[in-house]
Each structure stands twice: as structure tokens, then as C-alpha cells.
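One structure below.
The values are calculated or read from the model by the stated rules, or taken from the named source; none is laboratory data. All values derive from a computational prediction rather than experimental measurement. Glycine also receives a Cβ, built like all others from the backbone with ideal geometry; neighbour counts cover every protein chain displayed. Remember, those area values only see protein heavy atoms, side chains included, never the ligands or the DNA or RNA. Shrake-Rupley method; radii C 1.70, N 1.55, O 1.52, S 1.80 Å.
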Amino acid sequence: LGPIRLWDGDAPGSLGQRPQDIPTLTPFPADPARKTGASMLIFPGGGYGGLAEHEGTGYAEWFAARGITAYVLKYRLGSAGYRHPIMLGDAARALRMVRAFAKRDGLDPAKVGVIGSSAGGHLASTLVTHFEAGNPDAADRYARESPRPDLGILCSPVISLLEFAPAGSRRNLLGDNPAPELVRFLSSELQVTKDTPPCFLWHTVEDKGVPVENSLLFAAALRKSGVPFSLHVYEKGAHGLGFGRPEKPAPPWGSQLEHWLKERGFTP
């Protein structure tokens with residue numbers, strides 16, 4: 001199945017007709033023998049400047065093999081001239097579409113999760129803290145759906161754009177001189193409420209790309225608001241490992257995630 005454009009015509013705020021101007025969803029259907037009814041929307045990492053394949057297709061294949069229908073979002077990037085709110089707009093549109101597809105395909109529209117790594121984790125954390133209800137009267141069928149994920153999975157995520165922000169991700173998202181109130185608005189640890197969905201987080205202490213404080217701050221904010229979460233901090237491991245490769249083994253977060261997805265009712 002090929003990529004699906006988020007909008008039929010030009011995307012809102014489009015800068016042209018280049019491939020990087022056209023946000024898309026690529027579907028990975030669940031193994032029919034194991035289909036759980038759940039769906040997962042995937043935001044690859046890459047510092048808001050690129051999209052890491054192993055955190056996109058690699059994750060999608062993992063979920064599909066476990067019976068969860070997956071979609072990888074190609075969202076627009078700072079390296080192509082885009083800034084907030086374009087990325088969040090692409091993410092919210094994609095979540096609405098995945099929920100509509102769940103209804104169309106006989107899946108559960110109340111079991112739509114989101115996973116993101118690094119800057120993709122920031123995008124996921126932004127979506128789980130900034131959303132609204134769908135508009136049932138909208139002419140656009142996707143706008144009738146809520147973009148609120150039912151759970152979030154944040155992998156070595158950028159969370160804060162303050163003290164512990166990676167400079168490159170922040171610049172690609174907001175430019176060189178963002179307004180202080182915008183920086184705070186997009187520092188997700190400051191935006192958690194009781195309506196934020198349950199979250200799974202993992203990080204390593206050794207991570208030099210995104211400091212572990214990002215996950216610790218978000219977990220503390222979830223705790224304060226009474227939001228269920230599962231936090232996994234591993235001592236060893238570089239940034240951007242995904243599920244690991246022979247030359248770069250990753251911590252066992254995949255098996256921990258399988259356990260949590262079962263607890264949340266996403267798998268039997």
C-alpha cells in the first residue's frame with residue numbers, strides 16, 4: 001500500500017510541490033491472524049530536520065507483526081523551511097485520519113495510539129498535550145474526528161524546549177528567536193493535564209543527543225496530574241537506537257512495551 005496524502009490539494013501552509021511539501025501516511029496493515037483492532041500512528045525522529053527510517057518503517061513492521069495496524073507519518077520539516085504549527089497540524093490531521101480509517105476498516109476508534117522518537121517524540125508529546133474535540137458538523141470528514149491519541153509512546157523524546165532542549169530540534173521547529181511564551185507552550189512538561197492520555201516513556205542515562213531529564217520531567221508532570229504512565233530509564237545506550245541492531249544493541253524496551261500494551265488493552 002502506497003502513501004496517502006493528508007490533503008487532496010496543497011497542504012495548509014505549503015511552500016510548494018516538492019516531495020518534502022507533501023505530508024503523507026504510509027499504512028502497514030496488521031497481521032490478519034493477530035489483528036487486535038488497535039492502530040498506531042508513528043512519528044520518526046530526526047531533529048525536525050530529517051526522518052529516521054528505523055524509527056518509522058522499523059517500528060511499523062514491529063506493530064503490524066503484533067496485530068496492530070500501523071501508519072508512518074511523513075511530516076513537514078524545519079530543513080524544508082517549515083516551522084510550528086505546521087508539524088503539529090500534520091500530526092493532528094494524521095491522527096484524525098487514522099481514527100476515521102479505524103471506523104472504516106472495522107477497527108476500534110478508541111484504540112488509536114501514537115509513538116515518536118527524539119524530535120518525533122516531541123511531536124507525539126505535543127499532540128498528547130494539545131488537542132480538541134472533533135467537529136461533528138464539519139464538511140471535511142476527517143475534521144469530524146478528535147486528534148487526541150488514546151495513548152502515547154515516547155522514545156528518548158525531546159520534551160522540554162527550555163534548559164534541556166537539543167538546540168537543533170528547537171531551531172528547526174521554532175527558528176532562531178522564538179517568543180518565550182511559544183517556547184513554554186511547546187515545552188510539553190508544562191502542558192500536561194488530567195486529560196493527557198496514558199504514556200509509556202523510555203530513555204537512557206548515557207543519551208548525549210537528548211538528555212534523560214526530558215523523560216523525567218514529563219513523567220513527573222504526568223504523576224502530578226494523575227495520568228497513568230510507565231517510565232523506563234536504562235543506564236547504557238546511545239541516542240536513536242530504535243529496537244537496536246547487532247552493532248548497536250538497544251535496551252529491552254520492546255518487551256516492556258509489549259507488557260504495557262497488554263495492560264492498556266491494545267493487545268490481548
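Tabulated values for the structure
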item: Rounded to the nearest 20 debye, dipole of segment 1-154 from Cβ charges on Lys, Arg, Asp, Glu; result: 140
item: Mean-position separation - Cα centroids, segment 183-197 and segment 108-141, in angstrom; result: 14
item: Length-normalised contact order for segment 217-268 - Cα pairs under 8 Å, 6+ apart - percent; result: 20
item: Percent antiparallel among DSSP beta bridges (both partners in the chain, rounded to 5); result: 25
item: GluC sites (Glu not before Pro) lying in DSSP loop within segment 204-246, provided at most 12 other Cβ fall within 10 Å; result: E206, E235
item: Protection-proxy order for peptides 151-160, 194-203, each taking the mean of Cβ atoms within 10 Å per residue, highest first; result: 151-160, 194-203
item: Partners for K224 among lysines (Cα-Cα distance below 18 Å; same-chain residues under 8 apart left out); result: K194
item: GluC sites (Glu not before Pro) within segment 5-105, DSSP loop, no more than 15 other Cβ atoms inside 10 Å; result: none
item: Taking the chain and dividing mean pair separation by its residue count, relative contact order in percent (alpha carbons under 8 Å, at least six apart); result: 16
item: Helix-derived mean residue ellipticity, 222 nm - over the chain, DSSP H n ≥ 4, -39500 (n - 2.57), to 500; result: -8500 deg cm²/dmol
item: Around V205: net Lys/Arg minus Asp/Glu count, Cβ-Cβ under 14 Å; result: -2
item: Extended-chain gain in nm, criterion 0.36 nm per residue less alpha-carbon gap, S14 and D176; result: 56.2 nm
item: Segment 1-129 - percent of accessible surface contributed by carbon and sulfur, probe 1.4 Å; result: 55
item: Euclidean distance of C-alpha centroids, segment 212-239 and segment 57-75, integer Å; result: 23
item: Computed magnitude of the charge dipole of segment 115-206 (debye, nearest 20; Cβ of K, R +1, Cβ of D, E -1); result: 60
item: Accessible area per residue in Å² at 1.4 Å probe, computed on the chain; result: 43
item: Per-peptide average of other Cβ atoms within 10 Å, ordering 251-260, 12-21 highest first; result: 251-260, 12-21
